[in-house]
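Taking it in order: structure first as structure tokens, then the write-up.
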Amino acid sequence: MKKKFLISLLIVPILLIGLLGLNSNTFLVFAAGTADAYGDQINTVDVFQYVDSAWVWKGQVTKTNYTSGIQVKVDALTETRFNCSVLLNSTFASSTSEAITNTRVYLNITYANGTTVIATTEITDYAATGPTGNQYTVYSYYLWNDPTHHPIAGTTYYVWFKYDVYR
């Protein structure tokens, strides 16, 4: 059984804010976070929405731009998917399957007032590549497909990604 050696402080908050007076069906996305001492970190968070029978890319928050408050517009009342890629130091896995086993990504969505929309849940759809250099890239995604909780115009949401490394 793997022991949880380090819970990384790589939490990426994503804030969805309705643009009042401009377009009540638009939101902004923000994110922030940093790598740990081993270079383990959330690499990217891509946001997609299901529009006209296809997934439409809305934008990306990367390890380079997430501390600068990048903005990504999304539509209200639309099925939303968050794709998350994380970097895992290759000394903590000997294969892509072990990289997946040793990585966990969690998601939590709340309203601005703190009311939970989606409780902290593990994202279970994983894939991995690498290692490239000294890191594996582990991919996961979360599908926000509950029509009663899709982004609602004029409502603020906090979407948190948390990355744990098991060593």
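Of these, Thr120, Thr110, Thr129, Thr137, which one is more than 17 Å from the chain's Cα centre (by Cα) and in a strand (DSSP E or B)? Give the derivation first.
On the way: Thr120 fails: more than 17 Å from the chain's Cα centre (by Cα); Thr110 fails: more than 17 Å from the chain's Cα centre (by Cα); Thr137 fails: more than 17 Å from the chain's Cα centre (by Cα).
Result of the check over Thr120, Thr110, Thr129, Thr137: Thr129.
Looking at Asp125, Asp164, Asp146 in this structure, which one is touching a Ser or Thr at 6+ places or on another chain (Cβ under 7 Å), of a type in the set (Asp, Glu) and under 19 Å from Phe48 (Cβ atoms)?
On the way: Asp164 fails: under 19 Å from Phe48 (Cβ atoms); Asp146 fails: touching a Ser or Thr at 6+ places or on another chain (Cβ under 7 Å).
Sole residue among the options that is touching a Ser or Thr at 6+ places or on another chain (Cβ under 7 Å), of a type in the set (Asp, Glu) and under 19 Å from Phe48 (Cβ atoms): Asp125.
Could you please give the count of residues in region 96-116 that are among the aliphatic types (A, V, I, L, M) and either at pLDDT below 90 or surrounded by fewer than 17 Cβ atoms within 10 Å (Cβ to Cβ) (or both)?
The initial filter retains those residues of region 96-116 that are among the aliphatic types (A, V, I, L, M), namely 99-100, 105, 107, 109, 112.
Checking the rest, the ones that are also either at pLDDT below 90 or surrounded by fewer than 17 Cβ atoms within 10 Å (Cβ to Cβ) (or both) come to 105, 107, 109, 112.
Qualifying residue count for the region: 4.
If you check every pair at least six apart or on different chains, which have Cβ atoms under 7 Å apart with a residue in region 73-102 that is in contact (Cβ under 8 Å) with a residue 24 or more places away in the chain first and a residue that is in a loop (DSSP other than H, G, I, E, B) and aromatic (Phe, Trp, Tyr) second?
Pairs that qualify, where the first residue is in contact (Cβ under 8 Å) with a residue 24 or more places away in the chain and the partner is in a loop (DSSP other than H, G, I, E, B) and aromatic (Phe, Trp, Tyr), are Asn89/Tyr38; Asn102/Tyr166.
Would you point out which residue out of Ala119, Ala127, Ala93 is buried (at least 19 other Cβ atoms within 10 Å of the Cβ) and of a type in the set (Gly, Ala, Ser)? Even if it seems obvious, please write down each step before you answer.
Details: Ala119 fails: buried (at least 19 other Cβ atoms within 10 Å of the Cβ); Ala127 fails: buried (at least 19 other Cβ atoms within 10 Å of the Cβ).
Within the list Ala119, Ala127, Ala93, the selection yields Ala93.
Just checking, does region 80-94 include any residue being over 26 Å from Trp55 (Cα atoms), modelled with pLDDT of 85 or more and β-branched (Val, Ile, Thr)? Give the steps one after another, and end with the answer.
If we filter region 80-94 for residues that are over 26 Å from Trp55 (Cα atoms), which is where we start, we get 88-94.
Narrowing the set further to residues that are modelled with pLDDT of 85 or more leaves 88-94.
The next check asks that each one be β-branched (Val, Ile, Thr); those that pass are 91.
Within region 80-94, one or more residues are over 26 Å from Trp55 (Cα atoms), modelled with pLDDT of 85 or more and β-branched (Val, Ile, Thr).
Considering each of Tyr142, Tyr158 in turn, give the residue that is buried (at least 18 other Cβ atoms within 10 Å of the Cβ), of a type in the set (Phe, Trp, Tyr) and assigned to a strand (DSSP E or B).
Tyr142
State which residue is modelled with the lowest pLDDT when the search covers only region 50-75 and only residues that are among the hydrophobic types (A, V, I, L, M, F, W, C) and over 25 Å from Ala35 (Cβ atoms). Reasoning before the result, please.
In the first step, residues of region 50-75 are kept if they are among the hydrophobic types (A, V, I, L, M, F, W, C); the result is 51, 54-57, 61, 70, 72, 74.
If we keep only those that are over 25 Å from Ala35 (Cβ atoms) too, we end up with 51, 54-56, 74.
Details: Val51: 90, Ala54: 95, Trp55: 95, Val56: 93, Val74: 75.
Applying the filter and picking the extreme gives Val74.
Scan region 89-126 for residues that are closer than 26 Å to Lys58 by Cα and in contact with a helix residue (DSSP H, G or I) (Cβ under 7 Å, 6 or more places away or on another chain) and report the count.
The number of residues fulfilling the criteria is 1.
The values are calculated or read from the model by the stated rules, or taken from the named source; none is laboratory data. All values reported here derive from a predicted model rather than from experimental measurement. Neighbour counts are summed over all protein chains in view; Cβ atoms, including those assigned to glycine, are modelled from backbone coordinates with ideal geometry.
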